[in-house]
Each structure stands twice: as C-alpha cells, then as structure tokens.
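Values in this text are rule-based calculations from the coordinates and carry no lab data. The structure displayed is predicted, hence computed values, not measured ones. Neighbour counts run over all protein chains shown; Cβ positions are idealised from the backbone, glycine included.
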Amino acid sequence: MSLESSFDFRVVHASTQSQARIGEMHTAHGPVKTPVFMPVGTLGTVKALCPQDIASCGAEIILGNTYHLYLRPGCEVIERFGGLHRFMGWEGPILTDSGGFQIFSLSMLRRITDIGAEFQSHIDGSRHVLTPEKAVDIQTCLNSDILMCLDECIGYPSDRSVVREALKRTLHWAYRCKRRWVFTGCSGALFGIVQGGMDAELRSESAQRTVEIGFPGYAIGGLSVGEPVEQMMLMAEVAVQYLPVHAPRYVMGVGTPENLVELVSRGIDMFDCVMPTRNARNGQLFTDRGTINISNACHRFDTGPVDDGCGCYTCRHFSRAYLRHLYLSREILAYRLNTIHNVYYYLHLMERIRDAIERDQFEAFRKTFSEHRTES
RNA sequence: GUGGGUGUAGCUCAGUUGGCAGAGCACCGGGUUGUGGCCCCGGUGGCCAAGGGUUCAAGUCCCUUCAUCCACC
C-alpha cells in the first residue's frame, strides 16, 4: 500500500448483537465517523445546497463523480485549483466514484472491452475511452480522498455467463487500478469493488479475489439494480463474510432508510445514494413514519413542520403549507429547503445508528425503526 | 350598423365522408437506490354557448338567439 497514503480506519466499537460496528476513518481532509452516509454531489455540488448547508446538515464526507467531472468542466480546470475541494469550496473529505456505474446506466452510448470502456459523451456525443488507469488518474487529479476502482456493473436479471464475465473484468481492472495507484503514489485511498450479480457463489468468489489484490477499503457494487430487497441483503451478507474486519465496507448506491439500518446490522460502514437529494427535488420528504409527498393537498393548510422532532433548518423555520406552496410554484427555494431536510434526516439517522451501536442498543433501535416504518 | 371569424374539460385547443368525447397544461394520487432539477405510471373533470330542425344516429348539416374577436362605416 502507498506509504504516502494518509488514510486510516479502525473499528471503535463492535456490536455484540449483530455485525454492526462504529468506526473512525481518517483522510487527508479530516476524520469521518462510521457508519456514514455520503450525500451525492455528482457534478461538484450536492444539488441545491452550498457547502455551508451540507456541513450544517451534518455531512462529514461527500461524493463526486469521475465520469461527469471529466466530461465537464474537465481535469485541466479542476487541476488548476489543486483538486475538487478548493474548486467547489468543500473542505471535508471527498469520495469519487470511478464512472463504472455511469457506463452501466448510460449503456446506450458505450462499448466495453478488456482495455476499458469506450463511450460517447451524453453532453456532446464526443467519443472517449475510460481505462482503469485513466479512472485512477482522473480521481488523482481531483485530489480525491477515496478513489474507486473502475468496475463493470450489470443489470438485473443477468445470465450467469454475463455476471461471470463482468466479475472477471472487474477483477482485472481492479488489479490495473491498484498498480496505477501504487505507481503514482496517490495520497488518497483506493477501494476495490465486489461484483458478482445475485449469485452467491460468484459474489463470494469476487469478494475473495478482490481481497487478495488488497485494498484499504472495499465496496459492494451492483446492488439495488432492480432485485428484491431480500436478494440485496443476502448478497451483502455473502460479500461481508470475506471482507477483512479492519477495512471499511461500502455498499454503493443504497438506499432507503430501512436499507441502511438493515445493512449496518450486516456490518456495512459506508453508503451513498441519490435518494434523499433527488426525492427532495421531487417533493418526497423522509420521516421516521415514512415518506410524505409535500405536494399532497392534505398539507395545504398545515401549519406544522414536515417532521415534528426534526432539528433541521427547514423544520425549525417553515411549515408544510409553505413548503407545498414553494414546491407547486417550482420556486428554487423548494429544492434547497427540501434537500436540507432529507439530507439532515439521513445524516441524523446515521448519528442515531452510531449512538445505538455505542450503547449496545442497536438491535432494539432496528426493531423499533422497522415497526414505525411499517405502521405508516 | 354592415361583413367575416370563433364558441368542445379550470386553461390552450384537436375532433376526418355525420357513427362510443380527445390531447397538452393544470388539478388529485403513486413511482424514483454509485443523479440532468428530468422523467415515468395512474386518476378526477364535459347539458360540445342556448333553443329549435333534418337524420336510425348531430360536436359535425340547417335555422334562430346569445357571447366574443376582427375589419369597415
């Protein structure tokens, strides 16, 4: 592993009742308490929020995206600022996604070979090739605190042969990413990604072989691509079995509040998901009793906050009636206030989770949480 | 006053040789999982301006009235 890496992770407290644990991650841009949720800031902004908002919602680390930032504004611009942190005015740690998922989700425009992913820009149609080496180089240029290996994510359902091919390619690419990362002496930590579709055997093979390559942290990718929740949980369990206890585990792109609680109990430390931010922009707000749609007519005269106990800026200052009005009027402020609430809700949930684990009350918390949710 | 146009869902309008009343927007619900604010799915809503006539059958054809717009006096 790179000697210059300032990355470090240690488990502070492990639950006696489940695999849940709290940990401390140290990065070049500061510490992160786990389990952690990372708000998604694809294009160098957590949509609708400024860094001050992000921090006041309780975020310690955010996510940026290699594919999107490479296409626009391009590395040359961000390099001039010494990285994404100063470019976007966010002082805290940043994890960058490699672009593997975008290659999957923008599949109309791509061609995958062993060399890398050839794709057409969704912006101007220009052709690009993203190799594992290039993915690491771009993330290095972004001065990312945590870099992700380029991987191949597949859909659900997929034939076993397709899953196997993607698994092999992801491993090969992981090896090349690591070699590049070691060679360049990048100060950020590089995480490997476990694939293997919904096949327990292939999942465990992927996990074992990724661990053999050796990374400071491990992600479980290719989940929540349309499979039933039980399937997702099972695949996480299978992968975790083979992941080292002393390294952080990150389930990519997940999920609902319920998903987070369930995955924490299975030993997962890190999450990211567009759900709180995207759904905020679509008027869906999270509470412990389920989601509410702020556009619903029942909120028209409601002078109360979105969530009674919530300490977020939005809930402390504004009513459901006002938020409904802003949303239906498509006012810019609607996006900001809704996003503040949802991001706060997710981050506060993680805080409650950590607190429960620390007090050895996590199983009780988990039970109460899922009961409240199903009531509504 | 004269000539012409237009009246169909809350709004803007389609509606074929006469054959089950339609769309977009709005409104009311639902969806959204490594992000384009997009988008997707469902639903409510009609005395087809009013009255009369022709016809097996009229939003559609004919007559009258009303409303409204334009042009010219």
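Structural remarks
- Counting every other Cβ atom within 10 Å of each residue's Cβ, A:His317, A:His372 order from fewest to most as A:His317, A:His372.
- Local net charge near A:Lys168, Cβ-Cβ under 15 Å (Lys/Arg +1, Asp/Glu -1): -3
- Inter-site label distance for A:Arg278 and A:Ala321 at 7 Å from Cα along Cβ, in nm: 3.4 nm
- Using a cutoff of 8 angstrom between alpha carbon atoms and counting only pairs six or more residues apart, the relative contact order for region A:128-210 works out to 35 percent.
- Least to most buried among A:Met25, A:Met148 (fewest other Cβ within 10 Å first): A:Met25, A:Met148
- Against chain A, whose longest principal axis is taken from its Cα atoms, helix A:332-358 shows a tilt of about 80°.
- Between region A:176-217 and region A:88-104, the C-alpha centres lie 17 angstrom from each other.
- Ellipticity estimate at 222 nm from DSSP helix runs (n ≥ 4, -39,500 (n - 2.57)) divided over chain A, nearest 500: -13000 deg cm²/dmol
- In a DSSP loop and with at most 12 other Cβ atoms within 10 Å, the trypsin sites (Lys or Arg not before Pro) in region A:342-376 are A:Arg359.
- Scalar couplings 3J(HN,Hα) for region A:150-163, obtained by applying the Karplus form with A = 6.51, B = -1.76, C = 1.60 to θ = phi - 60°, are 6, 9, 10, 9, 10, x, 10, x, 9, 5, 4, 5, 5, 4 Hz; x denotes Gly and Pro.
- A cut-off of 5 Å between modelled amide H atoms, ignoring neighbours fewer than 5 places along the same chain, links A:Met38 with A:Phe271, A:Asp272, A:Cys273.
- Sorting A:Phe301, A:Phe104 by the number of Cβ atoms found within 10 Å of their own Cβ, with the fewest placed first, yields A:Phe301, A:Phe104.
- At R0 = 51 Å, FRET efficiency that the Cβ-Cβ distance of A:Glu24 and A:Phe301 yields, to 0.05: 0.65
- Among A:Ser158, A:Ser121, A:Ser329: highest mean-square fluctuation, GNM of chain A, C-alpha pairs under 10 Å: A:Ser329
- Simple point charges give the picture: +1 on the Cβ of Lys and Arg, -1 on the Cβ of Asp and Glu, and for chain A a dipole about the Cα centre of about 640 debye.
- Across region A:246-362, the relative contact order, built from alpha-carbon pairs under 8 Å that are at least six residues apart, equals 22 percent.
- Among A:His341, A:His13, A:His122: highest mean-square fluctuation, GNM of chain A, C-alpha pairs under 10 Å: A:His122
- The GNM of chain A, with springs linking C-alpha atoms under 10 angstrom apart, assigns the highest mean-square fluctuation among A:Ala297, A:Ala135, A:Ala236 to A:Ala297.
- Label-point separation in nm, A:Arg10 to A:Arg86, each point 7 Å along Cα→Cβ: 3.2 nm
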